[in-house]
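Below is one structure, written out as structure tokens, with a few remarks after it.
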Amino acid sequence: MSQVMARGLKVLLVFTVLCASFSLFAHGVDEDTKQFLTQNQGVSIIPFIYIGAKHMVTGYDHLLFLFGVIFFLFKSKDILLYVSLFTLGHSITLLYGVLGNIAVNPYLIDAIIGLSVVYKGFDNIGGFKTLLGFQPDPRAAVMIFGLFHGFGLATKIQEFNLPEQGLVANMLAFNLGVELGQFMALALVLILMSFWRRHSSYFRFSLASNTLLMSCGLMLTGFQLTGFFVN
């Protein structure tokens, strides 16, 4: 038992260090993308689809939340329902935030996104049932946190002060790219999880897996709050 605990602590430490390192590059945008976004004029459908897809594939905070959402979903229709609710939520606030020029502090919104990861991990281990005696509606939670995730995407786009010309078409293309990126990343995660689910270790380590998920979310939240108070 002590060896198992020691091994679990080592995994937790490595996972936490990785999250700490990655959090420094949250929603990172490479130089080529920055240059394109600052210089682009008019409608550019394909480039914005590509940028949206790449942003979601590298948006580990969004993917961590989705990993928590689908962890105990085994039916395709349930996965489709929850992912659709998340998609609807972040699509609404992504478009509303950019097109309506709704400014949100990036540190605070990313801190809330980190907390969404904590929330889902805590929910998966039955924390709310133990603490409150009931489980909050998981569908409503996914939808609500999807709204916050969308504002996280919107704040990054707003940093580049995109020109009004072609903005609506470009944002629709970006949102389409985000959905394509989400589909590709989620497909890969589901393939890997399908192999893991064939083994008894999936349920045996479900508590450890979701505890690691919570730890990562707490680390992300801590770094974002530190950035908010320092800056």
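The values are calculated or read from the model by the stated rules, or taken from the named source; none is laboratory data. Being a predicted model, the structure only gives us computed values, none of them experimental. So basically every Cβ, Gly included, is an ideal-geometry build from the backbone, and we count neighbours across all protein chains shown. Heads up: the accessible areas ignore ligands, DNA and RNA and are worked out on the full protein's heavy atoms, side chains in. Shrake-Rupley method; radii C 1.70, N 1.55, O 1.52, S 1.80 Å.
Observations on the structure shown:
- Within region 212-226, considering residues that are in contact with a Phe, Trp or Tyr (Cβ under 9 Å, 6 or more places away or on another chain) and among the small types (Gly, Ala, Ser), the one most open to solvent (accessible area, probe 1.4 Å): Ser215
- In region 120-132 there is at least one residue that is open to solvent by less than 20 Å² (accessible area, probe 1.4 Å) and either among the basic types (Lys, Arg) or over 23 Å from Phe203 (Cα atoms) (or both).
- Single condition Leu95 does not satisfy, out of (1) closer than 25 Å to Phe229 by Cα; (2) open to solvent by 30 Å² or more (accessible area, probe 1.4 Å): (1)
- Residues located in region 124-142, provided they are among the aromatic types (Phe, Trp, Tyr) and not in a helix (DSSP H, G or I): Phe134
Yes or no, residue by residue, for (1) in contact with a Phe, Trp or Tyr (Cβ under 8 Å, 6 or more places away or on another chain); (2) open to solvent by 80 Å² or more (accessible area, probe 1.4 Å); (3) modelled with pLDDT of 95 or more; (4) in a loop (DSSP other than H, G, I, E, B):
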position: Asn161; (1), (2), (3), (4): no, yes, no, yes
position: Met171; (1), (2), (3), (4): yes, no, no, no
position: Val178; (1), (2), (3), (4): no, no, no, no
position: Gln182; (1), (2), (3), (4): no, no, no, no
position: Phe203; (1), (2), (3), (4): no, yes, no, no
position: Asn210; (1), (2), (3), (4): yes, no, yes, no
position: Phe229; (1), (2), (3), (4): no, yes, no, no
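To keep it simple, each residue is scored yes or no on (1) outside any helix (DSSP H, G or I); (2) open to solvent by 60 Å² or more (accessible area, probe 1.4 Å); (3) among the aliphatic types (A, V, I, L, M).
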{"residue": "Phe72", "(1), (2), (3)": "yes, yes, no"}
{"residue": "Ile79", "(1), (2), (3)": "no, no, yes"}
{"residue": "Val83", "(1), (2), (3)": "no, no, yes"}
{"residue": "Val104", "(1), (2), (3)": "yes, no, yes"}
{"residue": "Ile109", "(1), (2), (3)": "no, no, yes"}
{"residue": "Ile112", "(1), (2), (3)": "no, no, yes"}
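- Residue count, region 133-143 (criterion: surrounded by fewer than 16 Cβ atoms within 10 Å (Cβ to Cβ) and within 19 Å of the chain's Cα centre (by Cα)): 2
- Summed over region 13-57, the residues that are at pLDDT 60 or above and either open to solvent by less than 90 Å² (accessible area, probe 1.4 Å) or under 18 Å from Ala169 (Cα atoms) (or both) give a count of 26.
- Hey, Asp137 among the acidic types (Asp, Glu) and in contact (Cβ under 8 Å) with a residue 40 or more places away in the chain or not: no
- Of residues in region 58-70 being over 14 Å from Glu179 (Cβ atoms) and at pLDDT 90 or above, the one most open to solvent (accessible area, probe 1.4 Å): Phe67
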